[in-house]
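What follows draws every value from the coordinates through simple rules; no lab data is involved. Keep in mind it's a predicted model, so treat the numbers as computed, not measured. Heads up, the Cβs are rebuilt from the backbone with ideal geometry, glycines too, and the neighbour counts pull from every protein chain shown.
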């Protein structure tokens, strides 16, 4: 059974800092991996999608990497801003399945 | 529409009652999902539709839960004889094809009292 773990569970940083959020998964036979952002009381906003054949994806200040063989992905946020404060969720879709399996998320607080 | 739309945004119901939650996916998206999210947890898969048919309903917790998508667009999640443990945020998502992103709605917060 696929399990997704996100470390740390919570992170507090000063504005302007570069930071890395970690995601690990137990079964490397994934189809793709997606990073989401969730603001309190809101739904999920898609940030980046990485196919299993890709190593990384970039969007603005965000960069996500994927090492499928070791079961890891990282989300790098450059020059963090208070508006980046949210919970960040990682989800994997296994090959042969349509389900997304989520981690519990990392709650990020960026202090002005 | 521009995004996935879910109604109502909040629903309070008494234990034992029947509820329906609605999802309007992004126009043209053939794949539709329902997830459930409890406080402090990641979303958990409930059911997946490809077109009108439920291709995978393995996440439905029991036979009180049922979902339909009769015309391949709007979907309704139906919960019979609600229990307090059903309280959660119910999220809907849609996807254009298997290589594209899943887009989520804002969710319906269900509270069973």
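Quick notes on this structure:
- Alpha-carbon centroids, region A:61-112 and region A:20-41: separation in whole Å: 5
- Remark: relative contact order (region B:2-109) = 36 percent; criterion is Cα-Cα distance under 8 angstrom and separation of 6 or more residues.
- Spin-label model, residue B:52/residue A:5: points 7 Å from Cα along the beta carbon direction are separated by 4.6 nm.
- The ranking of B:57, B:24 from fewest to most other beta carbons within 10 Å of each one's beta carbon is B:57, B:24.
- Estimated inter-spin distance, residue A:42 and residue B:76, nm [label 7 Å along Cα→Cβ]: 3.0
- Given R0 = 30 Å, the distance between the Cβ atoms of residue A:69 and residue A:18 translates into a calculated FRET efficiency of 0.70.
- At an R0 of 25 angstrom, the distance between the Cβ atoms of residue A:31 and residue B:38 translates into a FRET efficiency of 0.45.
- Alpha-carbon centroids, region B:24-81 and region A:1-19: separation in whole Å: 29
- Using a cutoff of 8 angstrom between alpha carbon atoms and counting only pairs six or more residues apart, the relative contact order for region A:1-104 works out to 35 percent.
- Shielding by partners, peptide A:33-44 (average Cβ within 10 angstrom, other chains): 4
- Note on B:36, A:55, B:109: ascending count of other Cβ atoms within 10 Å places them as A:55, B:109, B:36, the fewest first.
- With contacts taken as Cα pairs under 8 Å and at least 6 residues apart, region B:67-113 reaches a relative contact order of 34 percent.
- Whether region B:16-106 is rounded, prolate or oblate, judged on the alpha carbon gyration tensor where a/c under 1.5 counts as rounded: prolate
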